[in-house]
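Following: one structure in structure tokens, then a few remarks.
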Amino acid sequence: MCVSKAGRLVVLVSGSGTNLQALLDASADPSYGARVVAVGADREGIEGLDRATRANVPTFVEKLGDYATRAEWDAAIAAKIAAYEPDLVVSAGFMKILGTPTLDAFPVLNTHPALLPSFPGAHGVRDALAHGVKVTGCTVMLADEGVDTGPIVAQAAVPVLADDDEAVLHERIKVVERRLLVETVGRMAREGWTVSGRTVRIGNHTGGEST
């Protein structure tokens, strides 16, 4: 698959939206190559939606509880996303797994606070600490139907310090994660990307590594 110039972003949030804010700030520069055209959420009254409103970005909310089945919600949120004709969907702290109607229609970028494939799931930071690793980090991936199983686009390492607890380490990872997400989305927007099996390369490369 080859995708190029992913300039239109729909960002999905469930909470405070710090990753969203980083993308909004970056996209204020025309040279970044991408802009947030809509922000979606699975709940109302969250700071992520307020951030979008302050930036004059349209928002939408699709609550799972408003639908009789998960399949109906999957179809509804895919339709809302499609209305904004995105080139790339960014799941930025979105606490729902997207279904096939969205995944089949759009490339979806997600983040995880660990170096996948190690420590997937909801407690990546806690699990890394419990395992005693000396280095952890964050991953940007293309989402699939699994939990943190999609092809890896980019990763960054974060050292584990002797006095780290889960909260302290997670905050340090979040700083790196925001920077990595912004850099990765910008490069994908400006250079395009290819996926071959599980290998993702940004730009028109014939060899070497690209992350």
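The values are calculated or read from the model by the stated rules, or taken from the named source; none is laboratory data. All figures in this text were calculated on a predicted structure; none of them were measured in a lab. We place every Cβ from the backbone using ideal geometry, glycine too, and count neighbours over all the protein chains shown. Calculation scope for accessible area: heavy atoms of the full protein, side chains included, ligands and nucleic acids excluded. Shrake-Rupley method; radii C 1.70, N 1.55, O 1.52, S 1.80 Å.
Which one of these does A75 not meet: (1) in contact with an Asp or Glu (Cβ under 7 Å, 6 or more places away or on another chain); (2) open to solvent by less than 70 Å² (accessible area, probe 1.4 Å)?
(1)
Out of curiosity, is K80 over 14 Å from the mean Cα position of the chain (by Cα), loosely packed, with under 15 Cβ neighbours inside 10 Å and basic (K, R)?
For K80, the condition - over 14 Å from the mean Cα position of the chain (by Cα), loosely packed, with under 15 Cβ neighbours inside 10 Å and basic (K, R) - is not met.
Spot the failing condition for P86; the list is (1) touching a Lys or Arg at 6+ places or on another chain (Cβ under 6 Å); (2) surrounded by fewer than 21 Cβ atoms within 10 Å (Cβ to Cβ), and only one is missed.
Answer for P86: the failing condition is (2).
In this structure, does V90 turn out to be in contact (Cβ under 8 Å) with a residue 12 or more places away in the chain, not polar (S, T, N, Q) and not in a loop (DSSP other than H, G, I, E, B)?
yes
Considering (1) open to solvent by less than 60 Å² (accessible area, probe 1.4 Å); (2) at pLDDT 95 or above, say which one D148 fails and leave the rest.
Against the list (1) open to solvent by less than 60 Å² (accessible area, probe 1.4 Å); (2) at pLDDT 95 or above, D148 comes up short only on (2).
Run down G99, G124 and say which single residue is in contact with a strand residue (DSSP E or B) (Cβ under 7 Å, 6 or more places away or on another chain) and open to solvent by less than 70 Å² (accessible area, probe 1.4 Å).
G124
Could you tell me which of the residues G124, G192, G137 is over 15 Å from N19 (Cβ atoms), at pLDDT 95 or above and in contact with a Ser or Thr (Cβ under 9 Å, 6 or more places away or on another chain)?
G124
Residues checked against (1) surrounded by 14 or more Cβ atoms within 10 Å (Cβ to Cβ); (2) aliphatic (A, V, I, L, M); (3) out of contact with any strand residue (DSSP E or B) (no Cβ under 7 Å at 6 or more places or on another chain):
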residue: S118; (1), (2), (3): yes, no, yes
residue: T139; (1), (2), (3): yes, no, no
residue: E171; (1), (2), (3): no, no, yes
residue: T184; (1), (2), (3): yes, no, no
residue: R187; (1), (2), (3): yes, no, no
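Condition first: among the hydroxyl-bearing types (S, T, Y) and over 22 Å from M188 (Cα atoms). Now tell me which residues in the range 97-120 satisfy that.
T100, S118 - these are the residues of the range 97-120 that are among the hydroxyl-bearing types (S, T, Y) and over 22 Å from M188 (Cα atoms).
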